[in-house]
Amino acid sequence: MRLPSRGHGPPRGRRLNQAATRETICPLRSWIRTDTFMPARVEFFGDQLVKVMRVLRAESVAGIPTLLALEMETSDRSHRTAVECDEVTYNTGLDEDFFSTARLSRMGR
């Protein structure tokens, strides 16, 4: 299947708010499916191609477009990470306070 490319080459990176992070968003190039508007492939760049993400499976779950299987691979193919979701549930009734900055920072410790 041939997927159309959005854009010509990697766009320029942009800086995030310094209060949020000190990292720079890396430039990327995305292939977006025209039937679902979901990514099929994303290439991440530094000075050159660094990693490639390939979407292996995407479906609509509860009416929400959802990536269910993907892989990330370094450009030299020396490392690969695969992610597969067996079960996805949306809108389960979690209180919005569950996602407060203070609570999330405590969970990481």
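The values are calculated or read from the model by the stated rules, or taken from the named source; none is laboratory data. Not measured: the values here are computed from a predicted model. Backbone-built Cβ (ideal geometry, glycine too); neighbour counts: all protein chains shown.
Each residue in the range 87-103 was checked for being under 17 Å from Leu56 (Cα atoms) and surrounded by 10 or more Cβ atoms within 10 Å (Cβ to Cβ), and 1 pass. Glu84 falls short on exactly one of the conditions (1) exposed (fewer than 10 other Cβ atoms within 10 Å of the Cβ); (2) modelled with pLDDT of 95 or more; (3) acidic (Asp, Glu), and that condition is (1).
Each residue in the range 53-88 was checked for being touching a residue at least 24 places away in the same chain (Cβ under 8 Å), assigned to a loop (DSSP other than H, G, I, E, B) and hydroxyl-bearing (Ser, Thr, Tyr), and 1 pass.
So which of Ala102, Ala82, Ala62, Ala58 is on the phi > 0 side of the Ramachandran plot and of a type in the set (Gly, Ala, Ser)? Only one candidate passes the filter, namely Ala62. Mind listing just one residue for me: the one in the range 34-51 that is of a type in the set (A, V, I, L, M, F, W, C) and either touching a Cys at 6+ places or on another chain (Cβ under 7 Å) or in a strand (DSSP E or B) (or both) and, of those, farthest from Ser78 (Cα to Cα)? Looking at the filtered set, the residue picked out is Ala40. I'm trying to understand the selection: among the residues of the range 40-71, which are closer than 15 Å to Arg29 by Cβ, within 14 Å of the chain's Cα centre (by Cα) and aliphatic (A, V, I, L, M)? Across the range 40-71, the qualifying residues are Ala40, Val42, Val52, Met53, Val55.
Within the range 78-97, being polar (S, T, N, Q) and closer than 30 Å to Leu49 by Cβ holds for Ser78, Thr81.
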